[in-house]
1. When a/c is below 1.5 the answer is rounded, else prolate if a/b is larger than b/c, else oblate, so apply that to the range 208-247 with a ≥ b ≥ c taken from the square roots of the Cα gyration tensor eigenvalues.
2. Would you mind telling me the share, in percent, of accessible area of the range 208-264 contributed by carbon and sulfur at probe 1.4 angstrom?
3. What is the spin-label model distance, in nm, from A224 to A115 if the labels are put 7 Å beyond Cα along the C-beta direction?
4. Residues with beta-carbon under 13 Å from that of A229, excluding A229: net charge, scoring Lys, Arg +1 and Asp, Glu -1?
5. Kindly identify the range 56-142 as rounded, prolate or oblate by the Cα gyration tensor criterion: order the square roots of the eigenvalues as a ≥ b ≥ c, call it rounded if a/c is under 1.5, otherwise compare a/b with b/c, prolate if a/b is larger, else oblate.
6. Please report the net charge: other residues with Cβ closer than 10 Å to the Cβ of S163, K and R +1, D and E -1.
7. Can you give the extra length, in nm with one decimal, that the chain gains between I205 and R66 once fully stretched, where that is 0.36 nm per residue apart less the Cα-Cα distance?
8. Which value, in Å² and to the nearest 10, is the accessible area of M59 when all protein chains are kept and the probe is 1.4 Å?
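The values are calculated or read from the model by the stated rules, or taken from the named source; none is laboratory data. All values reported here derive from a predicted model rather than from experimental measurement. Note that each Cβ is placed from the backbone with ideal geometry, even for glycine, and that neighbours are counted across all protein chains shown. Side chains included, ligands, DNA and RNA excluded: accessible areas come from the protein's heavy atoms. Shrake-Rupley method; radii C 1.70, N 1.55, O 1.52, S 1.80 Å.
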Amino acid sequence: MSHDHNHLPNEIRHEKPLWWALGLTTAYLVVEVVGAFWTNSLALLSDAAHMATDAIGLMIALTAVRLSRRPPDAKRTYGYARLEALGAVVNGLLLFGVGVYILWEAAQRFQQPQAIASTGMMWVAAFGLVVNLIAMRLLSAGSGESLNVKGAYLEVWSDMLGSVAVIAGGLIIHFTGWTLVDPILAVLIGLWVLPRTWVLLRDAINVLLEGVPKGVVLADIEQALRGHAGVAGVHDLHVWALASSTPALTVHVVMEDGQQPDALRRQLADLLHERFDIDHVTVQVEVDHCGDDCAEVKSKQDADGDEHGHDHDHEGHAHGPDHQGHHGHVHR
């Protein structure tokens, strides 16, 4: 079995709903920030920070699908996918700053409660509720088919709950005059946003540090490779993420006697595709491996070869592209 190793999708599905949702969310974000200062509502400002996480999630999703269309070039052989992670780090740091400011401002208002224009607060939040419901409708069709769209849908869904909370707070202030509910809601929404922002930062930093992708267990991959009938040993296994949803893998495998290196590479690549959904694979096949002792012997042989006029025998050391276009190494 073979599979397409091209990571640049020709069709980007559900992109139009993402653009509509981003436009609506960004427009309401501006309205909510203006409304927060107009009504003197900290809860609205806190919800605006929550809405900002939605906008960021939508922008990251769109960035991912847009950048995936750009092919690698001579300077960036992996393309531009990591710009997604860089953007997420910048946005996450900004959101942390906003969250800390809201919590500090809430502490001040607990000491000195301020008047709140509850009617305006409710109108702004009600407008946000409508925007969120429309965005959810736009994204619902693709939420079951695309992880990017599903993530955006969940962001908008959670912000819809924030709008409901702000409306409830406005009603309480309007009918009871208890203005402390505003900073209480601000703190609750802020405590909801900050952990999500931390998750965003953590995942983005993991990509930049070439960590094991989320949801991938390295031990399971190694066990699956070692369990293949044609594999005698596995070493130098590395798994990292080119972007949040683009895992890559390199590995050296020692093959059993009687195996064909090219066939074994194809079988292992198919195994990694089918069981772990990893397509960007480089497999180096070896006849044997003796760890550091091999490296010491090779170093000595290279030195001896240099003393004798660089006489190296290259017979049997075949380098050839595998079925996916990678140059695996076969040591005979």
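1. On the way: a/c = 3.01, a/b = 2.37, b/c = 1.27.
Since a/c reaches 1.5 and a/b is larger than b/c, the shape of the range 208-247 is classed as prolate.
2. On the way: 1360 of 2810 Å².
Carbon with sulfur: 48 percent of the solvent-accessible area.
3. Using points 7 Å along Cα→Cβ, the separation is 6.5 nm.
4. -1
5. Details: a/c = 5.72, a/b = 1.77, b/c = 3.24.
Taking the square roots of the gyration eigenvalues as a ≥ b ≥ c, the range 56-142 is oblate.
6. Details: positive: none; negative: E32, D47, D159.
The answer is -3.
7. Details: separation 139, 0.36 × 139 = 50.04 nm, distance 2.09 nm.
Residue separation times 0.36 nm, minus the Cα-Cα distance, leaves 48.0 nm.
8. 80 Å²
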